[in-house]
C-alpha cells in the first residue's frame with residue numbers, strides 16, 4: 001500500500017524524518033538533563049551540608065566559649081585555683097554558673113567539680129542549684145585532662161549524683177565536658193560538664209534534608225549517632241558498611257554511590273572537626289529522590305517535545321494531503337480520460353508546479369481533441385469529396401477516351417485551338433479527379449489555375465489577363481490541393497464585368513520576413529465588395545468558422561479556410577481586403593516547416 005502511493009510515502013518519510021530526530025533529541029536531552037541535574041542536585045546538597053556544618057560549628061563554638069567564663073573571671077579562676085574558703089566563694093561559683101547558663105544556648109544544666117576542694121556544684125535551667133562534697137568519680141570523666149573538651153552523645157539528663165534535684169522535662173541532651181586546667185602551673189583545676197538540649201541541633205538539622213525523602217545523620221568519631229532523621233537510631237552506634245566508607249574517607253567532604261542493604265542512591269558527607277568534637281554530617285539520598293528533579297525536567301521537556309511532535313505529525317499529514325491532492329485529482333481526471341471521456345476539464349487553479357502540470361496536461365488534451373476532431377473532419381471532408389468525385393466520375397475512362405477522340409478530330413480538321421481547349425479540360429479533369437493527393441506542389445496548383453484560366457479566356461476572349469509573380473524557388477512548396485482555383489473562380493462569379501475594362505487577375509507568392517509563412521495573394525480588378533459587406537465577411541472569417549460544409553453565402557471562402565485549418569492546426573489564416581487593382585484581394589497565410597525552406 002505504501003509503495004504504491006506517493007501520499008503514503010511522503011507521509012511516512014516526513015513523519016520518520018521528524019520523529020527520529022525528535023525522539024533522539026528526547027533521549028539525548030533526558031540523558032544530559034539527568035546527568036546535569038543530578039550533578040547540580042549533588043552540589044546543592046553538598047553546599048547545604050556545608051552551610052549546616054557552619055551553623056552547627058557556630059552553635060557549638062558558642063557553647064564551648066561559655067566555658068571560658070571560669071578563665072576570664074579572675075575571682076572565679078582564683079577560687080578554682082585556691083579552693084572554696086567560705087560562703088562567699090560558694091556564691092561566686094553559683095554566680096559564674098548562672099552566667100554560664102545565660103551564655104550557652106539551649107542550656108539545660110551544668111556540673112562543676114573543683115579538685116582543690118573536692119566539691120560538686122550543679123545548676124539547672126530553672127536556676128535550681130545544689131552542691132555536695134565528696135570525690136564521686138562516676139561523674140568525673142577520667143579521660144578529661146589538661147584543658148581538653150569533648151562532646152558526649154545524646155542521653156537523658158542526669159543529676160550528677162546530687163540528691164533532691166528536680167526531674168527535668170527534657171528527654172535528651174548532649175554534654176560538653178571540659179577540663180579546667182591551669183596551663184602555667186600545669187595544674188588540674190576541675191571539670192565542667194554542660195548539658196545542652198537538642199533543640200537547636202534538631203532545628204539546624206531539619207533544614208538540611210527532606211524528612212519524607214532523605215536520611216540525615218550526625219555521627220561522632222566513635223560511630224555514635226548525635227542526630228538522626230530516624231529517631232530510633234539516636235545515640236546508637238552504627239556499624240553499617242556505608243559508615244565505614246564515610247569514617248575512613250580521607251577527604252573532609254565528598255559523595256559516593258551506594259548500592260547495598262536495600263538502599264540505592266548517593267551518600268554525601270561533610271566532616272566537622274574542632275578541638276572538642278569530631279562529627280560527620282551524612283546525607284543519604286535515594287536515586288528516586290535524586291533523579292526526581294531530573295525526571296520532572298525531562299518529563300516537562302519530553303511533554304513539550306511530544307506536543308510539538310503531535311503538531312508536527314498533524315502538520316505533516318495536512319501538508320502531505322494538500323500537496324498530493326492535486327496529484328489525486330489529476331489521477332482521477334486521467335482515469336476518466338482512460339475510460340474514454342476526452343472532454344474532461346482539469347480545474348486546478350494553482351500557481352505552483354502542480355498548476356503548471358495541470359495546465360500543460362489540459363493543453364495537451366485540448367490539442368489531442370483538436371487533432372482528433374480535425375482528423376475526423378478532414379477524413380469526413382475526404383470522404384465527402386470522394387463521394388462527389390464518384391458522382392461525377394461516370395466512367396472516367398470513357399470521358400478521357402472521348403476527349404482524346406475529340407482532340408484527335410480537331411487536329412485532323414486543322415483546329416489547334418479546339419485541341420488546346422480539350423487538352424486543358426482533360427488536364428483539369430485528371431487533376432480534380434485524382435483524390436489520392438490532397439497535398440500538391442505550388443507548381444501543380446498553378447498549372448491547374450492556368451488550365452482553368454485558358455478555358456475562361458476562350459469564353460471571354462481578349463478581355464482577360466492573368467499574371468503570376470512567384471519565384472521559382474517557391475514552386476515546390478507543398479499546399480492543399482485546389483485552394484487557388486476557387487479564388488480565381490470567385491472573380492468570374494462575383495467580380496467580372498464583361499462590359500467594363502479588361503479583366504485582370506494577379507497571383508503573388510512570397511515567404512514572410514520571419515520565414516514562417518508562405519504568402520499567396522490573389523487580386524483582381526473586378527467590382528469589389530461593399531465596405532459594410534467586407535467588414536461583415538472579415539468578422540465571420542475572424543470567428544474561425546472552419547467546419548466542413550459551413551457554406552458562405554458571400555463569395556465561398558469558408559471552404560478554403562476550413563480546409564486550411566484542418567491541414568494546419570488552426571494556424572493558417574485567410575485575409576480579405578480591397579485590392580490595389582480596384583477589386584478584391586484574398587491572401588492566404590500557409591505555415592511552412594523549416595525543412596521546406
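The values are calculated or read from the model by the stated rules, or taken from the named source; none is laboratory data. From a predicted model like this one, the values you see are computed outputs, not experimental measurements. Positions of Cβ are backbone-derived with ideal geometry, glycine not excepted, and every protein chain shown enters the neighbour counts.
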Say whether the condition of being modelled with pLDDT of 80 or more, more than 60 Å from the chain's Cα centre (by Cα) and part of a loop (DSSP other than H, G, I, E, B) is met by at least one residue in segment 542-553. no
Selection count, segment 491-520, where residues are loosely packed, with under 12 Cβ neighbours inside 10 Å and within 60 Å of the chain's Cα centre (by Cα): 3
Which condition from (1) without any contact (Cβ under 8 Å) to a residue 24 or more places away in the chain; (2) surrounded by 14 or more Cβ atoms within 10 Å (Cβ to Cβ) is the one that residue 303 breaks? (2)
When you scan segment 489-499, do you find a residue that is part of a helix (DSSP H, G or I) and farther than 19 Å from residue 587 by Cβ, even just one? yes
Out of curiosity, is residue 335 surrounded by fewer than 13 Cβ atoms within 10 Å (Cβ to Cβ), modelled with pLDDT under 80 and not assigned by TED's automatic domain parsing to the domain that holds residue 27? no
Those residues of segment 458-488 which are surrounded by 16 or more Cβ atoms within 10 Å (Cβ to Cβ) and assigned to a helix (DSSP H, G or I), in sequence order: 463, 474, 485, 486, 487, 488
Considering segment 422-457 alone, what residues qualify as being at pLDDT below 80 and assigned to a helix (DSSP H, G or I)? 422, 423, 424, 425, 426, 427, 428, 429, 430, 431, 432, 433
Heads up, the strands (runs of 3 or more DSSP E) in segment 176-254 (entirely inside) with at least 3 residues that are closer than 19 Å to residue 104 by Cα are 187-197
